[in-house]
Amino acid sequence: MASANNQGWKKALFIFLAACLVWPLGMAAVEDSADIVETTAADIGVDLAAANDADSEAVSETEQTGTLIEIGNTTAEETTVIIRVAEDGQTIDETVQVAADTAVLNDADAASDLSDWIAGDQIAVRTRRGENSGELKALRLRNRSMKKNLLGKNGWVKDRRPEKNEMDVEWAGKIYTLNTANAKMVAGAKNPAALTDFQIGDRVRARVSDDQDGDTQTWNANIIVVLRRGQTLFMRVTRWVVPAEITALPEDLSVRPAIITAKVLPSKFFEKGDVNNLIGEPGTEIKIQIEEKTKIVRRFLGRALLTEFMEGDRLLVIGRLNEGTGNLDARIVKNDSLQALGVAQTVSEVVSVNPDNNTVVIKPISRKNPATGKRVRLSAANQWTITLRANAPVSEQGEKITLAAVQTGDIIRFRGVINRTQKTGQATALAVVTDKFSSLLEQE
């Protein structure tokens, strides 16, 4: 009996020791498989079929009234207006896109011109809102402060006569004399301003009414504001809608704030020579700051995870330029390169490249090693063969390259469809990110 008990004890001990040996291997296998990530329907909060079948964003029409805060470039093909509205007891600054076919009206529902509108005006706006992104496109803008009898006069200050309450403004080769006796005036930080606060050469916007003297060159001024003095912008446009292409991502996409490096893409909001353009012309590098409160969405339906992003993705960013940091603080980021689920992504080390077969053998890189803060290359047994699909872009630091330019030992990020059983994949995009990861790697 004792012998039987002894044998049972030995058997139990053997099983326990075997389990101790096998357990770390099992954990390593889980860790290995977790390094190629596939986003699920649960991750983005939508039905799988709905996400994969989506081919347009659902929209709804909304009507709001608020205060005009900023006006974008009024001579570009498309522009923006920033309207501060009250919502649930709080004020929100809405960035509203204005297209060529948007109805722009005065209070009498007659056609108006955005170049005559002034910050502080009360605006009733009808918009088409993207249900997924929150993007707002104006159908109708009605300026309730722009009454039927009021006109806009813009130009440069040529003279001012405080003793007569008069200002001369030049526009299109004509001199207009404005009676400023009852005008509200703003000159930079001076609000209210006096006529003596204006300078010759100031770029101004005025709202005027007929003085009934029969002279079309003289007007009573209701409001006069300085837009620009020399190279100094007084009415700065800080909110922007920016199409951009990612050129670099931070190493750890889970940390906030996260800074995405991107280049500005051509858009209808851009006009060459626009002095109010604080973002830059197409091709300019910008830094996009992502906070916890930033709304990040897919192209048509569902939220997006920053861990799904990769170099070369095309974004639409709605945000505000932080003039202290120079970053574009993103309120909304829509990734137009993301929609379907069942797509995998990983950061990996290149084992070999075969441009003739359009394939690359990779070794996924694990999560950070808590002890060192570095990422660790996985074992050689964990190798995958990835085939680039036709026309799949390959890039490095924002520039397009060929697969032949990818070298053994490079660190890449790829997106595509994988077969975990066969450890193969079809890549729809590949980016070399060695500069971001090489210093963080260590051998196991």
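The values are calculated or read from the model by the stated rules, or taken from the named source; none is laboratory data. All values reported here derive from a predicted model rather than from experimental measurement. As a convention, Cβ positions derive from the backbone with ideal geometry for all residues, glycine included, and neighbour counts pool all protein chains shown.
Pick from segment 75-92 the residues that are more than 18 Å from residue 122 (Cα to Cα) and not hydrophobic (A, V, I, L, M, F, W, C): which of them is surrounded by the most Cβ atoms within 10 Å (Cβ to Cβ)?
Here is the first cut: in segment 75-92, the residues more than 18 Å from residue 122 (Cα to Cα) are 75-79, 88-89.
In the following step, the residues that additionally are not hydrophobic (A, V, I, L, M, F, W, C) were identified as 75, 77-79, 88-89.
On the way: 75: 10, 77: 12, 78: 18, 79: 23, 88: 5, 89: 5.
Across segment 75-92, the extreme among qualifying residues is 79.
Quick check: is even one residue across segment 303-311 within 28 Å of residue 386 (Cβ to Cβ), assigned by TED's automatic domain parsing to the domain that holds residue 382, at pLDDT below 95 and not small (Gly, Ala, Ser)?
So the first thing to find is which residues in segment 303-311 are within 28 Å of residue 386 (Cβ to Cβ), and the list is 303-311.
If we keep only those that are assigned by TED's automatic domain parsing to the domain that holds residue 382 too, we end up with none.
No, segment 303-311 contains no residue that is within 28 Å of residue 386 (Cβ to Cβ), assigned by TED's automatic domain parsing to the domain that holds residue 382, at pLDDT below 95 and not small (Gly, Ala, Ser).
The rows are residues; the columns are (1) part of a strand (DSSP E or B); (2) among the aromatic types (Phe, Trp, Tyr); (3) more than 15 Å from residue 208 (Cβ to Cβ); (4) under 35 Å from the mean Cα position of the chain (by Cα).
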{"site": "123", "(1), (2), (3), (4)": "yes, no, yes, yes"}
{"site": "132", "(1), (2), (3), (4)": "no, no, yes, yes"}
{"site": "137", "(1), (2), (3), (4)": "yes, no, yes, yes"}
{"site": "145", "(1), (2), (3), (4)": "no, no, no, yes"}
{"site": "149", "(1), (2), (3), (4)": "no, no, no, no"}
{"site": "153", "(1), (2), (3), (4)": "yes, no, no, yes"}
{"site": "158", "(1), (2), (3), (4)": "yes, no, yes, no"}
{"site": "163", "(1), (2), (3), (4)": "no, no, yes, no"}
Practice problem: Might you check whether a residue that is surrounded by 10 or more Cβ atoms within 10 Å (Cβ to Cβ), at pLDDT 50 or above, farther than 30 Å from residue 238 by Cα and of a type in the set (A, V, I, L, M, F, W, C) occurs anywhere in segment 54-74? | Solution: yes
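A quick yes/no check of all residues on (1) under 30 Å from residue 409 (Cα atoms); (2) over 12 Å from the mean Cα position of the chain (by Cα); (3) assigned by TED's automatic domain parsing to the domain that holds residue 396:
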{"residue": "261", "(1), (2), (3)": "yes, no, no"}
{"residue": "268", "(1), (2), (3)": "no, yes, no"}
{"residue": "271", "(1), (2), (3)": "no, yes, no"}
{"residue": "276", "(1), (2), (3)": "no, yes, no"}
{"residue": "324", "(1), (2), (3)": "no, yes, no"}
{"residue": "350", "(1), (2), (3)": "yes, yes, yes"}
Quiz item: Is it true that residue 293 is assigned to a loop (DSSP other than H, G, I, E, B), of a type outside the set (S, T, N, Q) and within 14 Å of the chain's Cα centre (by Cα)?
Solution: yes
Practice problem: Given the conditions (1) more than 14 Å from residue 67 (Cα to Cα); (2) in contact (Cβ under 8 Å) with a residue 24 or more places away in the chain; (3) not polar (S, T, N, Q), report the number of the one that residue 125 does not fulfil. | Solution: (1)
Quiz item: Can you spot a residue in segment 167-177 that is surrounded by fewer than 17 Cβ atoms within 10 Å (Cβ to Cβ), of a type in the set (S, T, N, Q) and not in a helix (DSSP H, G or I)?
Solution: no
Exercise. For residues that are farther than 15 Å from residue 235 by Cβ and in contact with a helix residue (DSSP H, G or I) (Cβ under 7 Å, 6 or more places away or on another chain), tally how many sit in segment 166-210.
Key: 4
Quiz item: From the residues in segment 379-395 that are crowded, with 19+ Cβ neighbours inside 10 Å and in contact (Cβ under 8 Å) with a residue 40 or more places away in the chain, which one is farthest from residue 261 (Cα to Cα)?
Solution: 382
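Tell me which strands (runs of 3 or more DSSP E) are completely within segment 37-120 and hold 1 or more residues being within 20 Å of the chain's Cα centre (by Cα), or say none if there are none.
Numbers: elements: 59-71, 79-87, 90-98, 103-105.
Those strands (runs of 3 or more DSSP E) span 59-71, 79-87, 90-98.
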Self-check item: Hits in segment 409-435 - residues which are within 20 Å of residue 396 (Cβ to Cβ) and not small (Gly, Ala, Ser)
Solution: 410, 411, 412, 413, 414, 415, 428, 430, 432, 433, 434, 435
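Counting just the residues of segment 300-321 that are in contact with a strand residue (DSSP E or B) (Cβ under 8 Å, 6 or more places away or on another chain), under 19 Å from residue 37 (Cα atoms) and of a type in the set (Gly, Ala, Ser), which one comes out surrounded by the most Cβ atoms within 10 Å (Cβ to Cβ)? Quick ask: steps written out before the conclusion?
Let us first name the residues in segment 300-321 that are in contact with a strand residue (DSSP E or B) (Cβ under 8 Å, 6 or more places away or on another chain), namely 303-321.
Imposing the further condition that a residue be under 19 Å from residue 37 (Cα atoms) reduces the set to 303-313.
Right, trim to of a type in the set (Gly, Ala, Ser) and you get 304, 312.
On the way: 304: 24, 312: 20.
Per the stated criteria, the residue is 304.
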Quiz item: Looking at residue 280, is it surrounded by fewer than 21 Cβ atoms within 10 Å (Cβ to Cβ), part of a loop (DSSP other than H, G, I, E, B), modelled with pLDDT under 95 and touching a strand residue (DSSP E or B) at 6+ places or on another chain (Cβ under 7 Å)?
Solution: yes
